[in-house]
Amino acid sequence: MIKPGRRHSALHFAEHAKEDNTVAALQPVRGTHDSLPEESGLHRLVEDTARAVAGRFGYGEIITPIFEFTDVFARTLGETSDVVTKEMYTFTDRSGDSLTLRPEGTAGIARAFISNGLAQNAPIKVFYRGPMFRHERPQKGRLRQFHQVGVELLGVENPLGDIEVITLGYHLLEALGLAGRVVLHLNSLGDLESRAAYREILVAYLQSHRERLSQDSLTRLERNPLRVLDSKDEGDRAVVANAPRLSEHLNQASRDFLARVTDGLTRLNIPFKLDPLLVRGLDYYGHTAFEFVTTDLGSQGTVLAGGRYDGLVRQMGGPPTPGIGWAAGVERLAMLMGEAARPVVRPFALVPTGPETENIALELADRLRRAGFVIDLGYSGTLGKRMKRADRLKARAAIIVGPDEIAKGEVGLRDLETGDQQAVALDALEAALARLV
Ligand code: ATP
Ligand code: MG
């Protein structure tokens, strides 16, 4: 609610426009988007499918708040990550607390794992969905409010967990008809020992090319040099292309871990490509990192991405708890599926021929909806106008309610595919409709 007397820019704009007698082009905030019913139906299909597939693996839904204390993200995602340095929606609330609209789901779930003392029940397997917020430069497939579905598996050290979580992602892509249009990129970030050893080698290499690195990467070089590998800057990428590879500096334990994961994926016939340059954008990953990528969405090609984050829960002050998970962009998955995948609900149009049968139509609509049919009531206008609306809705059939028919205890039922019309007794209507759905 907007309190009287308080100025609100959008409202003010609308009033102003009215005075001017111009049409107010009220725009949504840059990078946000209204999903109208057809599109939201496709988004819901993605979410429902993800929830169902995750359910088959025993992952139940967790719903965490859309905002958290800023520390939940700032302390975990990495001081030098793009998300923390540039993308967070952070504000001070009326109690003076610094809060942030969640840019991703994992940190909040790790927080919930600790707050709710879930360590005792580990392993914990959860699915989540919902809006995420990042102040990025909006473009196709990149929004400031977007939506993710994701899963997290907490408390499993065994690479079987990695295999399970990747397989779950693959099953989802299969269920959405997308498995053939994406490639699974896989890398190992190694254990702490491997990363520490590699870090030195990488820093030495990057130092020798300092003059070609971006300002951001020079900062990363000090604080978190692995992050340079993930830079999108072209100059950085040229340097990175010839950098020593982490994969060549993994210790035996890290190599064994990766081998177990690749063996599992091979057994399950999940194709993958080892990608030595794949590092995830956030700080808390180790061992397995993976992304399902398509070439069909330009540079916004990553549709589902994740990895292992064994250090996260501990870093937040909880008991040491290994974790692995992924998140997928709902808008990107929906875009990849395309218009054709939009679920179509074909209603029955209930059409009174005029005001004199409107009340009967009203009661009939109620009866049919209670019986489970999708009914669109033709509110007003001539019969012709009401029938046109039925066509526009792509109604399966029109139920025409005229005074003469009603007097005989009947309605007209017109099949809008064939154009055939027949009289149907009122008490046989449900059965007749059931034959058409
Ligand atoms: P990118 O490299 O595209 O910026 P990311 O590494 O920042 O992706 P993650 O944090 O791994 O992305 O999020 C998982 C998924 O969420 C991405 O693969 C993508 O499908 C989706 N996603 C991330 N950011 C956005 C955004 N701004 N708009 C729409 N979808 C997004
Ligand atoms: Mg990003």
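The values are calculated or read from the model by the stated rules, or taken from the named source; none is laboratory data. All values reported here derive from a predicted model rather than from experimental measurement. So basically every Cβ, Gly included, is an ideal-geometry build from the backbone, and we count neighbours across all protein chains shown. For accessibility, only protein heavy atoms count, side chains too; no ligands or nucleic acids. Shrake-Rupley method; radii C 1.70, N 1.55, O 1.52, S 1.80 Å.
For the range 231-290, the Stokes-Einstein estimate of translational diffusion at 10 °C and a viscosity of 1.306 mPa s comes to 119 µm²/s, using the Kirkwood hydrodynamic radius over alpha-carbon pairs.
Only one residue of 328, 350, 360 has its Cα farthest out toward the positive end of the dipole of the range 310-372, where Lys and Arg carry +1 and Asp and Glu -1 on Cβ, and that residue is 328.
On the accessible surface of the range 307-436, probed at 1.4 Å, how many percent belong to carbon and sulfur atoms? Show your work: numbers first, answer last.
Values: 3340 of 6520 Å².
Exposed carbon and sulfur together represent 51 percent of the surface.
Mean residue ellipticity at 222 nm, helices only, the chain: -11000 deg cm²/dmol; runs of at least 4 DSSP H residues each add -39,500 (n - 2.57), and the sum is divided by the number of residues. Taking Cβ atoms as reference points and 14 Å as the exclusive limit, the residues near residue 272 contribute a net charge of -1, counting Lys and Arg as +1 and Asp and Glu as -1. Taking a sphere under 12 Å around the Cβ of residue 363 and counting the other residues whose Cβ falls inside, with K and R at +1 and D and E at -1, yields a net charge of +1. Reported to the nearest whole Å, the Cα centre-to-centre distance from the range 98-129 to the range 148-192 is 18. Pairwise Cα separations in the chain fall into 20 Å bins from 0 onward with the following percentages, short to long: 21, 43, 26, 10, 1. Projected onto their three principal axes, the Cα atoms of the range 348-434 cover extents of 28, 27, 24 Å, largest first. Stokes-Einstein diffusion for the range 55-184 at 25 °C, viscosity 0.890 mPa s, with a Kirkwood radius from C-alpha pairs, works out to 150 µm²/s.
Could you work out the local net charge near residue 125, counting Lys and Arg as +1, Asp and Glu as -1, over the other residues with Cβ closer than 12 Å to its Cβ?
Working: positive: 56; negative: 61, 152, 164.
Computed value for this residue: -2.
List, in the order given, every pair from 125/232; 140/273; 385/408 whose Cα-Cα distance in the structure shown is over 28 Å. If you can, show how the numbers build up before the last one.
Details: 125/232 33 Å; 140/273 26 Å; 385/408 25 Å.
Correct reply: 125/232.
For the chain, the solvent-accessible area of protein heavy atoms averages 51 Å² per residue (probe radius 1.4 Å; ligands and nucleic acids excluded).
The distance separating the Cα centre of the range 231-288 from that of the range 386-430 comes to 62 Å. Direction-averaged projected area, Cα convex hull, the range 307-373: 10.1 nm², rounded to one decimal.
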